[in-house]
Structures are given as structure tokens and as C-alpha cells.
Amino acid sequence: MYAAENARYGIFAANGPEVASVGKLDGVEITDIMPNILAAYGVDIPTDTVGEVLDIFGKQPDIKSQDLITINRTNIVRNQEVADRLTKLGYIE
């Protein structure tokens, strides 16, 4: 029987033109994946990010942070019928 679960530690592999061959890294966590993908693409990392950018890049990317993006739900839901349906389903209040 298989039980699906997430482990804090596992295997992390990276490859690409900006990624250096550094071998084994200790202490890499699942929370480190997202900030490294953002750094590889040059995207600013949200300020509430838990993970860290690893020392895997041949040339360290210029890492900047960004504030969280807030979404006004009234801008998303333009149709009252859709809003009512989403409320009944418990997706919005």
C-alpha cells in the first residue's frame, strides 16, 4: 500500500546553463525549491518565502525581494451568479 506524503528532505537536482556542478549539498529542504526556480528565472522572491536560494549558480543571480501581491476579490468575481456559486461551494466568503 502506498501512502502519499511530503517529506522535508529528499533529492534535489538542478541543471541548466547558469547552474554550476557543485555535487552533494546538505540541508536542502523542500521549501528551497521555489526560491531557486524564481532566482534562476530572475524573478523577485516574495518577502514571506520560507526557503533559501542555494549556492548552485555559477554566477550568483541578482536576488531581489518583492512584497506580497494582494488580490481584491471584487475585481476577480465580476458575475454575481459565479460569486454565489463559489460562495455555496465554500471557495469565497
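The condition of being at pLDDT 90 or above and over 14 Å from the mean Cα position of the chain (by Cα) holds for only one of LEU89, LEU38, LEU25, that being LEU89.
Taking region 19-47 as the region of interest, how many residues are closer than 16 Å to GLN60 by Cβ and touching a Gly at 6+ places or on another chain (Cβ under 6 Å)? Quick ask: steps written out before the conclusion?
Restricting attention to region 19-47, the residues satisfying the condition of being closer than 16 Å to GLN60 by Cβ are 19-22, 25, 32, 35-45.
If we keep only those that are touching a Gly at 6+ places or on another chain (Cβ under 6 Å) as well, we get 20, 32, 35.
Looking only at that region, the number is 3.
Pick from region 26-52 the residues that are open to solvent by 70 Å² or more (accessible area, probe 1.4 Å) and not charged (D, E, K, R): which of them is nearest to THR70 (Cα to Cα)? Result: THR47.
The values are calculated or read from the model by the stated rules, or taken from the named source; none is laboratory data. Source: prediction; values computed, not measured. Here the Cβ is made from the backbone with ideal geometry for all residues, glycine too, and neighbour counts use every protein chain on show. Only protein heavy atoms, including side chains, enter the accessible area calculation; ligands, DNA and RNA are left aside. Shrake-Rupley method; radii C 1.70, N 1.55, O 1.52, S 1.80 Å.
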